[in-house]
Structures are given as structure tokens and as C-alpha cells.
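A.B. asks: Before we start, here is the structure in question, set down as C-alpha cells.
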Amino acid sequence: ETNGSADRAGDWLFNHMDNLDEAIAALSCNETSTHDEASDNNIISQTLDDGKGQYTLVGMISHIGKNTGSGHYVCHLKKKDGKWVIFNDEKVAVSEHPPIPHAYMYLFQRNDTIGSPDARYGEF
């Protein structure tokens, strides 16, 4: 239903949140009824070459506070010049010592998309 689109997948999840188990079961039922063994064999026989899959750390989400029940989350992003910037509510500033080992979520960009002329791959 989403054709591999992360945006559409997110929308689908939010639209089916009230009855997610039933929606997933319905999708599974549709997939098995339209299952084509010949196309599976064709997919398996194809070699997929998607490059080396090397990534660069470009951002992270971390938490400021004693525990997850107090404090708040902030975002650090790495600029093209290599400097880290912290986004903390309405404040944005250069981050001299970003807490890389203490982040909750890390954001990576695939190396072969950096500098891409494709507008879908933005740069900060």
C-alpha cells in the first residue's frame, strides 16, 4: 500500500492506529491471496547491487535532564563545515562538545547521496 515510501508508511500507521492489528492482518491476507511464486523466484535470482552502503553521522537526538521523566530532548546537526549545531527549543548555537556517545537516536546520511543533484537529498 505504501510502495516503500517512508512518508506514506507513517501516514498509513497513523490512519490505522485505532485498530492496527486488524489492519496488518488484512494486509497480510491480501498479500497471500495475490502471492505469485514465479515472481518470488525471479526476485531471488536477481543480484541487487546497491553500492557499499557507507554512511556519515549527520545528527543526533539527546536528552538533557536527570531522567526521561524530567528535562527535554535536543537535536544536534553537523553542518557542511564539520561544526555541530545544537537546536534547543528556541535557541540555536554552535555545540563545542556534542554528546555523541550519549545520544538516544543517531541520524546518518548515505555517503553516495551527499552533494547529490537530486532535490530529495537535502543538505544542512
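A.B. asks: Please compute the modelled spin-label separation between His16 and His72, points set 7 Å along Cα→Cβ, answer in nm with one decimal.
C.D. replies: So the two model labels end up 3.5 nm from each other.
A.B. asks: Taking all protein chains together and a probe of 1.4 Å, list Val85, Val58 from the most accessible to the least accessible.
C.D. replies: Ranked list, largest accessible area first: Val58, Val85.
A.B. asks: I've got another one for you. Based on the Cβ-Cβ distance of Ile114 and Ala93, what FRET efficiency does E = 1/(1 + (r/R0)^6) give at R0 = 22 Å, to the nearest 0.05?
C.D. replies: Approximately 0.35, to the nearest 0.05.
A.B. asks: Please list, in order along segment 66-83, the HN-Hα scalar couplings obtained from phi with the Karplus expression 6.51 cos²θ - 1.76 cosθ + 1.60 (θ = phi - 60°), rounded to whole Hz, x for Gly and Pro.
C.D. replies: Values, residue by residue: 5, 7, 5, x, 9, x, 7, 9, 10, 10, 10, 10, 9, 7, 4, 7, x, 7 Hz.
A.B. asks: While we're on this one: Which length gain, in nm to one decimal place, applies between Ile64 and Ser5 when the Cα-Cα distance is subtracted from 0.36 nm times their residue separation?
C.D. replies: Between Ile64 and Ser5, full extension yields 18.0 nm more.
A.B. asks: So for Thr56, Thr113, what's the accessible-area order with a 1.4 Å probe, most first?
C.D. replies: Working: Thr56 50, Thr113 15 Å².
Descending order: Thr56, Thr113.
A.B. asks: How do Cys75, Cys29 stack up against each other in accessible area, from largest to smallest, with a 1.4 angstrom probe?
C.D. replies: Heavy-atom accessible area, descending, gives Cys29, Cys75.
A.B. asks: Given points 7 Å out from each Cα along the Cα-Cβ axis, report the Leu27 to Lys79 separation in nanometres with one decimal.
C.D. replies: Reported label-point gap for Leu27 and Lys79 is 4.0 nm.
The values are calculated or read from the model by the stated rules, or taken from the named source; none is laboratory data. The structure displayed is predicted, hence computed values, not measured ones. Note that we place each Cβ from the backbone using ideal geometry, even for glycine, and neighbour counts take in every protein chain shown. Calculation scope for accessible area: heavy atoms of the full protein, side chains included, ligands and nucleic acids excluded. Shrake-Rupley method; radii C 1.70, N 1.55, O 1.52, S 1.80 Å.
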